[in-house]
Structures are given as structure tokens and as C-alpha cells.
Amino acid sequence: MTTVDSNTTAPEPVVDPNAVSVTINGKVVAARKGEMIIAAADRTDDFIPRFCYHPRMEPVGMCRQCLVEVVGPRGPMMVVSCMTPVADGQVVNTATEGVKKAQEGMLELLLANHPLDCPVCDKGGECPLQDQAFSHGPGESRFVEEKRHYEKPIAISDNVYLDRER
């Protein structure tokens, strides 16, 4: 108890034992122990690009598009924000030159075998890959090799068809 004056005592402030404080791009964010960096960053105005992350699903960390820089005891290092939990006092940077270059490189690898024929694609103009290629990547592939082409579409069931190029 904290004594306000000789006759009155105020209750101690309640501290959530599961709360941690994280700094994301210079902004202090309250987060919960075990929460992933990408979820904490979603509460700020800083968007971290992603393909495989969805808040209602378990993270898989496959696309590596959500790379961020975490400052640790050995200096800054790149981590996958959808698979890395927050820690108290953690400092995260989502927009450094190194982060942008790493995200661009991952996007380029995702596009390495993508046909990039957006005008004839069913998703043309409404495609997350296309949107991120223009906003977080080079916008085109530097690979000139022939792209793989697959049988289209493959009926997996009566209602589901697989198009491995889209």
C-alpha cells in the first residue's frame, strides 16, 4: 500500500504479470508475453509485409516476407516477425535499409518462378503478391530463365481446383 497522507492509503497499482514493453520504430508498445512481434506491430501505424501470416491462424513462417531487425546483446539481427515472440525491453525496427533490402530479396525469390503475367491472371489488380512486388520490391524479376509451367487446373475435388502458377 502507498500512503497518500497519514489517514489515507491508496491501493498499489495493478501490474499485469503478462505485459511487456516493446519499442517498435521508436514507439513504445504494450504487448503480452508470447505475442509475436508482427501482432504487436499491427497495433502501430507500421505495416510489416506478409503473405503467410494471419492473426487467426498459427504462424508458419514460410514466406519470410515479415523480416524485421531486432536489437540484441550482439547487435541488430534479422528475425521473422511472425515467429518471434516479443520480450520486455525489446527494440524492433521494421523500416531500416537492411530490413527493406532483406524483404526485397525475399520477394524477389518468391517471384523467381512466378509468371508475372498479371494482365492475363484472374487475380490481376487484386493480388497481394502483385501489390507487394510494387510496394516492397523491385516490381519485376531480374531472372530471365524460362518459368515453370504446370498443368492447369488440377481438380483436387468437385469444388477445389489447384492452379500451381497462381
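The values are calculated or read from the model by the stated rules, or taken from the named source; none is laboratory data. Just so we're clear, the structure is a prediction, and the values are computed from it rather than from any experiment. Note: ideal-geometry Cβ built from the backbone for every residue, glycine included; neighbour counts use all protein chains shown.
Quick notes
- Members of the range 128-154 that are under 17 Å from Phe51 (Cα atoms), modelled with pLDDT of 70 or more and loosely packed, with under 15 Cβ neighbours inside 10 Å: Pro128, Asp131, Phe134, Ser135
- Filter result for Lys27 (touching a Pro at 6+ places or on another chain (Cβ under 9 Å), surrounded by fewer than 17 Cβ atoms within 10 Å (Cβ to Cβ) and within 18 Å of Asp88 (Cα to Cα)): no
- Condition met for Gly125 (modelled with pLDDT under 75 and either more than 29 Å from the chain's Cα centre (by Cα) or exposed (fewer than 13 other Cβ atoms within 10 Å of the Cβ) (or both)): yes
- Total residues in the range 38-97 satisfying the condition of being under 23 Å from Ala133 (Cα atoms), outside any loop (DSSP other than H, G, I, E, B) and of a type outside the set (Asp, Glu): the figure is 9.
- Among the conditions (1) at pLDDT below 75; (2) touching a strand residue (DSSP E or B) at 6+ places or on another chain (Cβ under 8 Å), the only one that Cys66 does not satisfy is (1).
- Test: residue in the range 42-58 that is within 30 Å of Glu145 (Cα to Cα) and surrounded by fewer than 15 Cβ atoms within 10 Å (Cβ to Cβ): no
- Of all residues in the range 145-166, those that are of a type in the set (Gly, Ala, Ser) have Cβ atoms under 6 Å from Cβ atoms of residues that are surrounded by 11 or more Cβ atoms within 10 Å (Cβ to Cβ) and not in a loop (DSSP other than H, G, I, E, B), 6 or more apart or on another chain, in Ala155/Tyr161.
- The residues of the range 48-77 that are without any contact (Cβ under 8 Å) to a residue 24 or more places away in the chain and not small (Gly, Ala, Ser), listed by number, are His54, Pro55, Arg56, Met57, Glu58, Val60, Met62, Val71, Pro73, Arg74, Pro76, Met77.
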